1. Quick check: the distance between the Cα centres of the stretch B:58-128 and the stretch A:193-242, to the nearest angstrom?
2. Can you tell me the dipole magnitude for the stretch A:41-215 around its Cα centre, using point charges on the Cβ only (Lys, Arg +1; Asp, Glu -1), in Debye to the nearest 20?
3. Can you give the helix-only mean residue ellipticity at 222 nm for chain B, where every DSSP H stretch with n ≥ 4 adds -39500 (n - 2.57) and the sum goes over all residues, rounded to the nearest 500 deg cm²/dmol?
4. Taking each residue in B:205-213, count the Cβ atoms of any other chain within 10 Å of its Cβ, then average. What number comes out?
5. What helices in chain A pass both tests, a Cα length along the helix axis of 24 Å or more and a mean Kyte hydropathy of 1.6 or higher, using whole DSSP H runs?
6. How would you order B:80-90, A:536-546, A:163-173, A:199-209 from highest to lowest mean count of nearby Cβ atoms within 10 Å?
7. Do you know the relative contact order of chain B, to the nearest whole percent, from alpha carbon pairs under 8 angstrom that are 6+ apart?
8. Could you tell me which residue out of A:TYR569, A:ILE385, B:LEU262 lies farthest along the dipole of the protein assembly as shown toward its positive end? Charges go on the beta carbon: Lys and Arg +1, Asp and Glu -1, centred on the Cα centre.
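The values are calculated or read from the model by the stated rules, or taken from the named source; none is laboratory data. Bear in mind the structure is a predicted one, so any value in this text is a computation, not a measurement. As a convention, Cβ positions derive from the backbone with ideal geometry for all residues, glycine included, and neighbour counts pool all protein chains shown. SASA here: full protein model, heavy atoms, side chains in, ligands and nucleic acids out. Shrake-Rupley method; radii C 1.70, N 1.55, O 1.52, S 1.80 Å.
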Amino acid sequence: MAADSYDDVAKNKDSIPSLEVPPQDLYHAKSWWTKYIFCQDAKVIGIQYALTAVAIGMVGLVSSWLMRMQIAFPGVIPMEAGAYYQLVTMHGMIMVVYLLTALFLGGFGNFLIPLMVGARDMVFPYVNMVSFWVFFLAVIILAASYFVPGGPTGAGWTLYPPQAITSGTPGGDGLGIVLMLVSLAVFVIGFTMGGLNYVITILQARTRGMTLMRLPLTVWGIFTATVLALFAFPALFVAGIMMTLDNMLGTSFFMPAIVEFGERLTYDGGSPILFQHLFWFFGHPEVYIVALPAFGIVSDLISVHARKNIFGYRMMVWAIVVIGALSFIVWAHHMYVAGMNPWFGFFFATTTLIIAVPTAIKVYNWVLTLWRGNIKLTIPMLFAIAFIITFVNGGLTGLFLGNVAVDVPLSDTYFVVAHFHMVMGIAPVLVILGSIYHWFPLITGRFLNERLGRIHFWVTFIGSYSIYFPMHYLGFMGVTRRYFEVFEGDNFTYSIIGINQFITVAALITGAVQFLFFYNIIVSSKFGKKAGKNPWKACSLEWQTPDVPPTHGNFGKDLPVVYRWAYDYSVPGADKDYITQDTPPSAVANAKAEQT
Amino acid sequence: MIVAILVILVTLGSVAFHMWSPWWWSEIASNWVGMDDTIILTFWITGAVFVAIGLFMAYCIWKYKYNKDKRADYEPENSKLEWALTIITTIGVIALLAPGLIVWKNFVTVPKGAYEIEVVGQQWYWMYRLPGKDGVLGTTDIKNINDDNPFGLNTDDPHSVDDILIDADDLHILKDQTLKLNLRALDVLHDFYVPQFRAKMDMVPGMITYYWFTPIKTGTFEILCAEYCGTGHYSMLGYVIVDEEEDYNEWLSEQMTFEETLASNGKSDLIKIALNKKNDL
Ligand code: HEM
Ligand SMILES: [Cu+2]
Ligand SMILES: [Cu+2]
C-alpha cells in the first residue's frame, strides 16, 4: 500500500489496492469420493445442501397436501387428530429450518459467495464440507423420528412446553420430541461451521478492489442473514437442551407444577414463558434469516433483468443491516397474548412497527428500479415481480399483527397462517424459484425450458396467491388455526366449507406444478438450450469466470480485479448496456459512471 | 402487456375480494369496538399502499418494456425522493401505531369494580369459578387438586367455601357487567377466545393471566381454544351465554358452591378449618 499515495490512485484510474490476502491453497480431489461426496468445493457443497434441503422439503410439501385434504375433504384420506398435528409440526419445522434456511444459506450461500466476492473458495473448505455432512445427519435424525414408536412430535413447530413433552401431544412422551430437539441441536452445530465460513469469506477473502460497498446485494443479504443466524441459533440451542433436560432428567426449567389427566407430575417452579422468550429470540430473527437473502437476491434479479442499476444501493445496504439489527428487539410480538407482562406490548409494538420503515424502503427501491428501466420479462423477472406483490401483501398484514391491540383478535387464527405464509413462505420460495431460472445457466451451462418455465411461473404465482389471500378473511371471522376439524362455527358469518375446498384444490395444483419444474430441471440439464458465457449480460463476478460452468478454484490462473460496483447497467456513454465489475475504467473511457 | 394487466388484476382483484367477501368478522358483542376501528383504519392505510404499489408496478412493466434500441435511465440515487418516501412511511406508521397503543392501554387497564371470575383450562375442557356471596375468589394451589377439589382450592381459606364452581363447558354471564377473567391452566397452555368478544389471552400453568371486557349483547357465543394444547385442541369448545338479569339469576341459583359440592359428597370435614375461620370473619 505504502507506495500508492491517494494522489496516485486518483491520477491512475486503473490503479487498485495491492493483494492483502495470500493466495489460497486448494485441496484437489484425488478420488471419486473426495470429488463428489466429501467434496471441499463450495459450489458442490452448495448443490449438496440444495438437493438435501429440497428432498426433505418434499416431505414438507406432501404434508401440506395431506393437511389440506383433511381440512377440506375430511375422511378422504383417513387420519386421526394426532397424525394431523404431526403433519402440521413436521411441515412447519421442515419448511422453515431444513428447507429455507438450509437452501438460502447452505445452498445459495455456498454456491454464490466465493464466486460473487471473487474468491477461489470458502476460507475453510474442509470445515465447509463437514458442515454439510452434519446438516445431512440432522436431516437423517429428523427423518428417523417418523419411524420410532409414537411417531414424530406433534407439538407444533413452536414446540411450546409443557405440551411438547407431556402425554397429551403425539410424540410428547416418546422419542418424537427427543429426536426433534437432537436434530435441531445438530443442525445448529452444522450451521455454525458453515456460517462462520460465509462470514469470514465475505470479510476476508474478497478479491482486490471488491470493497464492501461494491458487493452485490445478494452477498449483503446472505451475509447479514448469516450473522443473525449465528446470534439467534444459540438461543434455540440452549432452549432445546433445557427442554431435553426437563424431559429426560426431570429438571424444571420450563415446567411448572402441573396436573395432567388427573395425575400430578413431578415438575415444579419452571416457566413456560421463558421457553417462549428463548424460542422467539431465535424465531423472529429466523424470519429474517429467510427473508434477507431473498431481499438481496431479488434485488439482483430485478437489476439485471431491468437493465438498470438497483435504485438507492447504499440505502438498500443500510436497510438490510438495520432490519437485521432491529430483528433482535421485536421477538415478543409473537407473545402479545402469551401471558407475559402486558406492558411489554407497548415496547414491542413500537419496535415492530419501526421495522416497517426500512422494509418499506426496500420495496420502494425495487419498484423504483423498474421505473424508467428497460424491463426484460424473463422468467426470473416474472418471479421477482410476483415476489414484490406477495411480499408487499404479507408485509402489510404484518402491520396488523405487529400493532398489539389489533393482534389480540387475530392471533392464533388463520389470519396469522395467511400472513406468515405470504411473507416467509411464498415470497422467499418465489425468489428461490426465480433465482434457479437465473443461475441454472451458470450451474449447468444450459437454460431451463422457457415454455415449461412460464407455465410453472403462472400456476405457482396465481395458485399460491389464491391459497393465502382468502385465508386472511377466515382469520377475521375467528377461525382458529391448528384445528384438526375445521367446523362450521355457530357464529361465523358464512360457511367456510366451500372456500376451504377451493384453497385445497389450489394447494394441490400449486404443489403438483413443482414436479413439472423438477422435470424441467432434469431434462434441461441434459438437453436444454446452450447458454454460453454470461447469457443475461450481468455485471457481477460470478458470470465472468473463464469456464462455464466454473471449475474448482473458480477463476482460472488469476483472480479478477474489481473496479466498480455490481450495477453498472445502461451507463451513459458506454457501448454496451452493462459494464462488468472487472472492466477497468480505461476500457470504457467514455462511460460516465457516477458510482463505483 | 399481458403481465401488466395481470398485475393490475391481482391488485384490483384483491380489493374486490375484500369488498365482497362474505367472510368477515361476526358482529361485535363486547366493548372492544376500538379493536375493530383500528383494524378498519389499518385496512385503509395498508390497502392504499398495496394498490399504489401494485398499480405503479403495472405501469412500469407496461411503459418500460424492453426495447433493444433504448437504454434504461441511469440514476444510482435520488436522496430527495428516498427521504420523502421515508418520511411519508414514518407518518403512516405513526398513524397506525398511535390509535393501536391507545386501545392497548385500555386493554391492560382493568376498570375498578370489575367482577372477577375465574376460567380454568385443562385437556380438553373448561371450568369456571365465581366468587360467591363474599365477592372474593378463594386462593388455590395446584397441589390441592383431587377428585373432590378439582379447582385446587385452599381448604383453609374462608373465601373458598362460598365460591361457585361450574364444572361444565358453558358459562353464563350478565349483559353490561364488566368482567375480569382470571385465567388458569392446570396442565398445558390454553387460550380462552370468543370471536365476538375479540379479546383473548393464553392461560399458562403456574401463573394467573387475565383480561377484561364488558358484554354488550345477549346471545350464545362459541368458545374456541386458541392456543395449541395437544391432540384434543380442536375439540376444546364451549359456549358463553350472555343473559339479561332474570335469566342470569335463574341460572346462578342452580349452581353449587364449594361447600355444597363437598357436602353432597359427604366430605364437609375437608373444609372445617375454613368454615371456622369464616365464622370469625
Ligand atoms: C403449497 C405450499 C404450502 C401449503 C399448502 C401449506 C399449508 C399449511 C397448512 C395447512 C398449515 C397448517 C395451518 C394451521 O393449522 O395452523 C401450515 C402451517 C405452517 N406452514 Fe405451511 N404450507 C405451504 C408452504 C409453506 C412454506 C413454504 C413454509 C415456509 C416458511 C411454510 C411454513 C409453515 C409454518 C411455519 C406453519 C406452522 C406450523 C405450526 O402451526 O406449527 N409453509 N401450512
Ligand atoms: Cu416475528
Ligand atoms: Cu387448545
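1. So the separation of the two Cα centres works out to 28 Å.
2. It works out to roughly 660 debye.
3. Working: 6 runs with 105 residues, N = 281.
Taken over chain B, the calculation gives -12500 deg cm²/dmol.
4. 5
5. A:125-144, A:176-204, A:217-249, A:379-402
6. The peptides rank, most packed first, as A:163-173, A:536-546, A:199-209, B:80-90.
7. Reported relative contact order: 20 percent.
8. Result: A:TYR569, furthest along the dipole toward the positive end.
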